[in-house]
Amino acid sequence: MSEDLSAYGAAWGRVKDRLRSEIGDAEFKSWLSPLDLCAVDRGRAVIGVPTRFMGDWVRRHYLDRITALLGQECKDLRSVEITVKKAASNRSQGVQATRGEAAQSPSRPGRRRAAEAANGDFSAPLDPRFNFDNFVIGKSNEFAHAAARRVAEANQVLFNPLFLYGGVGLGKTHLMHAIAWHIRAKDPSRRVIYLSAEKFMYQFIRALRYQDTMAFKEQFRSVDVLMIDDVQFISGRETTQEEFFHTFNALVDQNRQVVISADKSPSDLEGMKERLRSRLGWGLVADIHQTDYELRLSILANKAEHLDADVPLKVLEFLAHKITSNVRELEGALNRVVAHATLVGRDISLEATQDVLHDLLRANDRRVTIEEIQKQVAAHFNIRITDMHSPRRARAVARPRQVAMYLAKQLTTRSLPEIGRKFGGRDHTTVMHAVRKIEELRGADSGFSEDVDLLRRMLES
Ligand code: ADP
Ligand code: MG
């Protein structure tokens, strides 16, 4: 049975006030104001939302914060659960009006917001720095850049969609904004919409909630160029995928340009319906690879010039050499170095750079992966890499496998069970046994021991 709900009710009220001030009125009204505290039972609070979509959204974006705030209010609280209230028990402050009610009540905030959205612009703001002029071209991104330029300059649709993919911080968003800027500058009458897949979902879910999907559809289906960033976030959400698919098809049928980005190629997008995946790959697929040293150095030089900062070439080279993860981190590192020098009023030096960035530099230190270890060890002992995963127990493959497990334990931070899984789903005791066995052999056989050390050095270099 529920505990004294009124005491909790007051606490819940305060939590909601707090959330409203944290996230702002508009967002609060869309997502959090319809939440109700339904029950508290043995330290578990149950919060009701009107729809499953909202439930997903709230869970993903606000649950941690709600739990923390409610926990501060109610010391005995252990967990918070979000559940969908049955439509019939929709007793609270006018969440999700029925169609009839909505039609009779023009002042309903939902109607108003949906109408605003229909007249206003769905497009997210564009970053003025993300233009073609500021995009530095290198081997890893020249194809994606050329494709983006073609789309921006063309007067007719050449390939649909343009699908850009690559890891984080490698310039996908930059290129999409650049396309939008270019088209808007060239022909302001063309409607270009850029938004993240998350925003697309948000708009769609909101339209569903206010039962105004018509306006939503119209809005998207009347654009000249639609760009959706990070579509991997749509995967796994069937209704949104469906809507995205319909919107996408409608635009392509009308010969409008669609540009998509994702962190993976269309065929690797997990949780994406097959027909959508294959459809996304119909146009031109361009990937952005990891940066190389030359590109990193020219990006840094370019950026330093923009910052109007006097950064010694030695420092730029050092950064280009050390920060290999992605361009965002690279830029962040340069910004930090420049900001630090400005603050302390000293010239930028290599020593100061190493000092300011020591945490970042450590994180960018090369980490050996289990896969690399398996590959190197297999090559060394002349066995197939698949033998690392196979159940075969013959000494000729079992021993190298044990060496690889031993090195995995030494050179990575993986746990024994994790290592076991990477070796054909073996048990952690098998890994433990391998580690002991190799230690024992190393003690007994100096030739073998040198062999293992050699492998280790090769992997670490
Ligand atoms: P992604 O969307 O692929 O995660 P972004 O487009 O947000 O990456 O890029 C991250 C940062 O790196 C941005 O500040 C962007 O301007 C910058 N950047 C990425 N690639 C380049 C490039 N080739 N030239 C200049 N800046 C770049
Ligand atoms: Mg991006």
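The values are calculated or read from the model by the stated rules, or taken from the named source; none is laboratory data. Note that this is a predicted model, so its numbers are computed, not measured. Heads up, the Cβs are rebuilt from the backbone with ideal geometry, glycines too, and the neighbour counts pull from every protein chain shown.
Data overview
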| item | result |
| --- | --- |
| Candidate set: segment 290-317, residues that are within 10 Å of ligand 1 (Cβ to nearest atom) and touching a helix residue (DSSP H, G or I) at 6+ places or on another chain (Cβ under 7 Å); chosen: the one nearest to Leu350 (Cα to Cα) | Leu300 |
| Selection status of Asn326, closer than 30 Å to His289 by Cα, out of contact with any helix residue (DSSP H, G or I) (no Cβ under 9 Å at 6 or more places or on another chain) and within 16 Å of ligand 1 (Cβ to nearest atom) | yes |
| Complete set of residues in segment 21-78 that are of a type in the set (Asp, Glu), touching a residue at least 60 places away in the same chain (Cβ under 8 Å) and under 23 Å from Ala7 (Cα atoms) | Glu73 |
| Qualifying residue in segment 310-324 (condition: among the aromatic types (Phe, Trp, Tyr), without any contact (Cβ under 8 Å) to a residue 40 or more places away in the chain and out of contact with any Lys or Arg (no Cβ under 8 Å at 6 or more places or on another chain)) | yes |
| Count of segment 236-286 residues which are within 16 Å of ligand 1 (Cβ to nearest atom) and either farther than 18 Å from Gly167 by Cα or among the small types (Gly, Ala, Ser) (or both) | 4 |
| Some residue of segment 331-339 being under 30 Å from Leu454 (Cβ atoms) and of a type in the set (Lys, Arg) | no |
| Filter result for Ser235 (in the same structural domain as Gln156 (by TED's automatic domain parsing) and more than 26 Å from the chain's Cα centre (by Cα)) | no |
| Sole residue being surrounded by fewer than 20 Cβ atoms within 10 Å (Cβ to Cβ), closer than 21 Å to Val368 by Cβ and at pLDDT 95 or above, chosen from Arg456, Arg399, Arg414 | Arg399 |
| Filtered residues of segment 148-169 (kept if within 14 Å of ligand 1 (Cβ to nearest atom), out of contact with any Asp or Glu (no Cβ under 7 Å at 6 or more places or on another chain) and within 20 Å of Leu195 (Cβ to Cβ)) | Ala148, Phe163, Leu164 |
| Criterion (assigned by TED's automatic domain parsing to the domain that holds Asp427 and closer than 29 Å to Ala408 by Cα) met by exactly one of Lys375, Lys322 | Lys375 |
| Number of positions in segment 263-289 that are surrounded by 13 or more Cβ atoms within 10 Å (Cβ to Cβ) and not aliphatic (A, V, I, L, M) | 12 |
| Evaluation of Leu126 against (1) in the same structural domain as Trp282 (by TED's automatic domain parsing); (2) within 15 Å of ligand 1 (Cβ to nearest atom); (3) touching a Phe, Trp or Tyr at 6+ places or on another chain (Cβ under 8 Å) (one fails), failing number | (1) |
| Checklist (1) over 18 Å from Met201 (Cα atoms); (2) within 16 Å of ligand 1 (Cβ to nearest atom) applied to Phe233, failing item | (1) |
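Residue-by-condition table, conditions (1) assigned to a helix (DSSP H, G or I); (2) of a type in the set (Asp, Glu):
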{"site": "Leu226", "(1), (2)": "no, no"}
{"site": "Thr240", "(1), (2)": "yes, no"}
{"site": "Glu243", "(1), (2)": "yes, yes"}
{"site": "Thr247", "(1), (2)": "yes, no"}
{"site": "Val259", "(1), (2)": "no, no"}
{"site": "Arg279", "(1), (2)": "yes, no"}
{"site": "Leu295", "(1), (2)": "yes, no"}
